[in-house]
Amino acid sequence: MEAIQNRYDFVVLFDVENGNPNGDPDAGNMPRVDPETGYGLVTDVCLKRKIRNYVDTVKDNTDGYRIYIKDGVPLNRSDNEGFAAVGIDGAAEMKNEDLKKKVKAKKDAGTDVDAEVRDYLCKNFFDIRTFGAVITTAVKGALNCGQVRGPVQLCFARSVDPILPQEVTITRVAITTEADAENKGTEMGRKYIVPYGLYRCEGFVSANLARKTTGFSDEDLSLLWDAILNMFEHDHSAARGKMAVRELIVFKHESELGRAPAWKLFDRVQVRKKEGVTAPRAYTDYIVSVDTENLPNGVTCERKA
């Protein structure tokens, strides 16, 4: 498949109701907050995980759309597939001296081992084509597949308004041990929630990197948009409450390198509370406007919901 030929910049708006969108393990799993401003944060890693999970669910290990960074699957197992594709079976577990000999023999025969392993992994794993990866688990001084820069990058998401996390005390009647059953009837617990928060995430798609590194295609791009729009639909849990992507706003450039700085396009997307709303509790408490007048030449805008 041919790599994309257009640059894209995009804005994602998603919200949470009575849930924890991204807990901080260093703070007792409290929702992430900028301590200086009170704005809520969701990491790019968290959002990429949702996108990976969606693709894994809908594609179900279809050739070319497998997931490299996946729960319960060692990276070496996937790396070994790439090494086997160039005739070096079990490289990840091989002794360094033996591996060096095999790599040298391949290179002497005219095979660029590192590049071919990278190409194999990019071809077979959607998340490497999209986000890139650091493929160094079997370097051992002989192989250096290195870092693959992905064409798609996400920023941290930040809430439109400051959030006020609440600690909710809960009880359960399930007792863990026989001793507990004799001494108490219930156990206490806690969970954090955000009553309501609307978050904004900004991202970029580089056609230049797609062409030079991973071969990220128009078919991959279409799947990415679907994954972003539906990334919470197969990820519901009591801890995360009700989460939904409300809108995806995409700026498309007619060229590979783009026609305008991303920040100027992002500034055209404005989100503000409706008049009289002091404590938003629903998406309808906001007005989202996109200034599409006098867009830079060669830039178009599409709103997806």
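Taking other C-beta atoms within 10 Å as the exposure proxy, Phe156, Phe126 rank Phe156, Phe126 from fewest upward.
Straight-line cross-link partners of Lys101 among the lysines, defined as a Cα under 16 Å from its Cα and at least 8 positions apart when in the same chain: Lys140.
Inter-label distance, Glu178 to Glu254: 7.9 nm, where each label sits 7 Å from its Cα along the C-beta direction. In this structure the amide hydrogen of Val33, modeled in the peptide plane, comes within under 5 Å of the amide hydrogens of Leu41, none closer than 5 places in sequence on its chain. For the pair Arg77 and Thr284, label points projected 7 Å from Cα toward Cβ lie 4.7 nm apart. Please give the Cα centre distance for the stretch 269-305 versus the stretch 166-229, rounded to the nearest Å. Distance between centres, Cα-based: 25 Å.
Specify the longest stretch of the chain that does not include any exposed loop site, a site being one of the trypsin sites (Lys or Arg not before Pro) with a non-H, G, I, E, B DSSP assignment and at most 13 other Cβ atoms within 10 Å.
Between the exposed loop sites, the longest stretch runs 1-94.
Potential lengthening of the chain between Met1 and Ser217 amounts to 77.1 nm, from the contour at 0.36 nm per residue minus the alpha-carbon distance. Computed from backbone phi with θ = phi - 60° and the Karplus coefficients 6.51, -1.76 and 1.60, the 3J(HN,Hα) list for the stretch 152-160 is 9, 10, 10, 8, 4, 7, 10, 5, 5 Hz; x is used for glycine and proline.
Among all the aspartates and glutamates, which ones have a C-alpha under 16 Å from Lys95's C-alpha, if same-chain residues fewer than 8 places away are not counted? Within reach: Asp79. What residue among Ala282, Ala174, Ala210 has the largest mean-square fluctuation in a Gaussian network model of the chain, using Cα springs under 10 Å? With Cα springs under 10 Å in the chain, the top fluctuation among Ala282, Ala174, Ala210 is at Ala174. Rounded to whole Å, the principal axis extents of the Cα atoms in the stretch 140-268 read 70, 49, 25, largest first.
Which ordering of Asp9, Asp285 is given by a fewest-first count of other beta-carbon atoms within 10 Å? Mind dumping the intermediate values first?
Numbers: Asp9 24, Asp285 16.
Ascending number of Cβ neighbours within 10 Å: Asp285, Asp9.
Close amide H contacts of Lys304 (hydrogens built in the peptide plane, cut-off under 5 Å, sequence separation of 5 or more or a different chain): Leu248, Ile249, Val250.
Using θ = phi - 60° in the Karplus curve 6.51 cos²θ - 1.76 cosθ + 1.60, the 3J(HN,Hα) couplings for the stretch 12-22 round to 10, 10, 9, 9, 9, 10, 6, x, 10, x, 6 Hz; x is entered for Gly and Pro.
Note on the chain: dipole from Cβ charges, positive end direction compared against Val103, Ile135, Ala244; the farthest Cα belongs to Val103. Can you figure out the FRET efficiency of Lys191 with Asp112, using R₀ = 41 Å and their beta-carbon distance, to the nearest 0.05? Efficiency at R0 = 41 Å is approximately 0.20.
Could you put His234, His253 in order, starting from the residue whose Cβ has the fewest other Cβ atoms within 10 Å?
Working: His234 12, His253 22.
Going from sparsest to densest Cβ surroundings: His234, His253.
Note on the stretch 7-77: Cα Rg divided by 2.2 N^0.38 Å, N the number of residues, gives 1.41.
So what is Rg over Rh here for the stretch 41-89, counting just Cα atoms and using Kirkwood for Rh?
Numbers: Rg = 13.2 Å, Rh = 12.3 Å.
Reported Rg/Rh, Kirkwood definition of Rh: 1.07.
According to the calculation over all Cα-Cα pairs in the chain, the P(r) per 20 Å bin from zero is 28, 48, 22, 2 %.
The magnitude of the dipole of the chain, with charges of +1 and -1 set on the Cβ of Lys/Arg and Asp/Glu and taken from the Cα centre, is near 420 debye. Going Cα to Cα from Lys50, which lysines come in below 20 Å? Please leave out same-chain ones fewer than 8 positions away. Candidates past the 8-residue exclusion: Lys59, Lys70, Lys242, Lys304.
Here the Karplus curve 6.51 cos²θ - 1.76 cosθ + 1.60, taken at θ = phi - 60°, turns the phi angles of the stretch 67-74 into couplings of 10, 6, 8, 9, 4, x, 10, x Hz, with x standing for Gly and Pro. Using a/c under 1.5 as the rounded threshold, could you call the stretch 18-120 rounded, prolate or oblate? The axes a ≥ b ≥ c are square roots of the C-alpha gyration tensor eigenvalues, and prolate needs a/b larger than b/c, oblate otherwise. Cα axes put the stretch 18-120 in the prolate bin.
Rule-based calculations on the coordinates, nothing more; no lab input. Since the model is a prediction, treat every value here as computed from it, not as a measurement. As a convention, Cβ positions derive from the backbone with ideal geometry for all residues, glycine included, and neighbour counts pool all protein chains shown.
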